[in-house]
1. Taking the condition of being aliphatic (A, V, I, L, M), modelled with pLDDT under 90 and under 19 Å from Gly99 (Cβ atoms), how many residues in segment 20-45 meet it?
2. Would you mind telling me which numbered condition in (1) touching a Leu at 6+ places or on another chain (Cβ under 8 Å); (2) within 21 Å of Gln168 (Cβ to Cβ) Val111 fails?
3. Could you please find all residues in segment 88-117 being β-branched (Val, Ile, Thr) and part of a loop (DSSP other than H, G, I, E, B)?
4. Can you confirm whether Val81 is assigned to a strand (DSSP E or B), under 16 Å from the mean Cα position of the chain (by Cα) and under 30 Å from Arg14 (Cβ atoms)?
5. Tally time: how many residues in segment 46-66 are out of contact with any helix residue (DSSP H, G or I) (no Cβ under 8 Å at 6 or more places or on another chain) and either surrounded by 14 or more Cβ atoms within 10 Å (Cβ to Cβ) or at pLDDT below 90 (or both)?
6. Considering each of Lys95, Lys106 in turn, give the residue that is surrounded by 15 or more Cβ atoms within 10 Å (Cβ to Cβ) and of a type in the set (Lys, Arg).
7. From the set of residues in segment 67-92 that are small (Gly, Ala, Ser) and surrounded by fewer than 11 Cβ atoms within 10 Å (Cβ to Cβ), which is modelled with the highest pLDDT?
8. Can you tell me which condition Ala114 does not meet? The list is (1) modelled with pLDDT under 90; (2) more than 16 Å from Thr176 (Cβ to Cβ), and all the others hold.
Amino acid sequence: MAKASDIKNGNILRFNGELVTVEEFIHRTPGNLRAFYQARMRNVKSGKLVEYRFRTDEEVEICRVETSDYQYLYDDGDFFVVMDNTSYEQFNIPKFLFGDAAKFLKEGMNVIIAFESEEPIMAQMPSSVELEITYTEPAVKGDTSTNALKSATVETGVEIKVPMFVNQGDRVKVDTRTGDYVERVK
């Protein structure tokens with residue numbers, strides 16, 4: 001067990017039986033009171049924000065988290081199967097760890113997974129991915145002068161909004177956090 005004074009921003013703690021990541025950790029010494037640490041932490045699984053005051057000598061459990069690159073292989077029910085790029089070992093990762101960005105996953109894509117004692121706790125996709133447009137309506141002449149958007153379906157089956165000049169077969173860059181079109185890729 002570590003003391004509260006050992007905590008740093010970015011650490012992952014086991015707090016009330018849940019895993020939390022420390023977003024902000026400040027030492028406070030108010031006038032005539034005892035010093036304490038003010039922490040703002042986010043629950044790893046639910047994403048809820050927790051604020052707590054630690055005494056300077058309070059014991060905390062800092063978790064050892066290993067983060068590595070993995071390659072996405074395929075979808076298997078409630079899990080995504082990924083492979084470690086160094087040992088070629090395969091792991092089942094729950095889909096909910098990827099959040100909304102999971103709809104942009106395609107085979108062979110590299111992702112970052114964090115494990116805490118053999119249990120996957122976080123999954124992160126690249127901030128943007130390149131996908132091919134499989135279906136979109138052709139633009140009508142004259143519609144391209146404004147920045148109007150039209151619907152297009154990408155190779156993963158997700159429908160996004162793209163500018164009028166994008167055609168079927170084009171490759172586009174999509175922001176995985178928001179699902180927005182970024183640019184056309186040559």
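The values are calculated or read from the model by the stated rules, or taken from the named source; none is laboratory data. For clarity, every value in this text was computed on a predicted model and none was experimentally measured. Virtual Cβ from ideal backbone geometry, glycine too; neighbours counted across all protein chains shown.
1. Pass one, segment 20-45, residues aliphatic (A, V, I, L, M): 20, 22, 26, 33, 35, 39, 41, 44.
From what's left, modelled with pLDDT under 90: 33, 44.
Filter again for under 19 Å from Gly99 (Cβ atoms), leaving 44.
Residues flagged as aliphatic (A, V, I, L, M), modelled with pLDDT under 90 and under 19 Å from Gly99 (Cβ atoms) within segment 20-45 amount to 1.
2. Failing condition for Val111: (2).
3. The initial filter retains those residues of segment 88-117 that are β-branched (Val, Ile, Thr), namely 93, 111-113.
The answer is none; no residue qualifies.
4. Details: assigned to a strand (DSSP E or B): yes; under 16 Å from the mean Cα position of the chain (by Cα): no; under 30 Å from Arg14 (Cβ atoms): yes.
No, not satisfied.
5. 8
6. Values: Lys106 fails: surrounded by 15 or more Cβ atoms within 10 Å (Cβ to Cβ).
Among Lys95, Lys106, only Lys95 is surrounded by 15 or more Cβ atoms within 10 Å (Cβ to Cβ) and of a type in the set (Lys, Arg).
7. Narrowing segment 67-92 to residues small (Gly, Ala, Ser): 68, 77, 87.
Filter once more, keeping what is surrounded by fewer than 11 Cβ atoms within 10 Å (Cβ to Cβ): 77, 87.
Values: Gly77: 89, Ser87: 92.
Step by step, filter segment 67-92, then rank; the result is Ser87.
8. Looking at each condition in turn, Ala114 falls short on (1).
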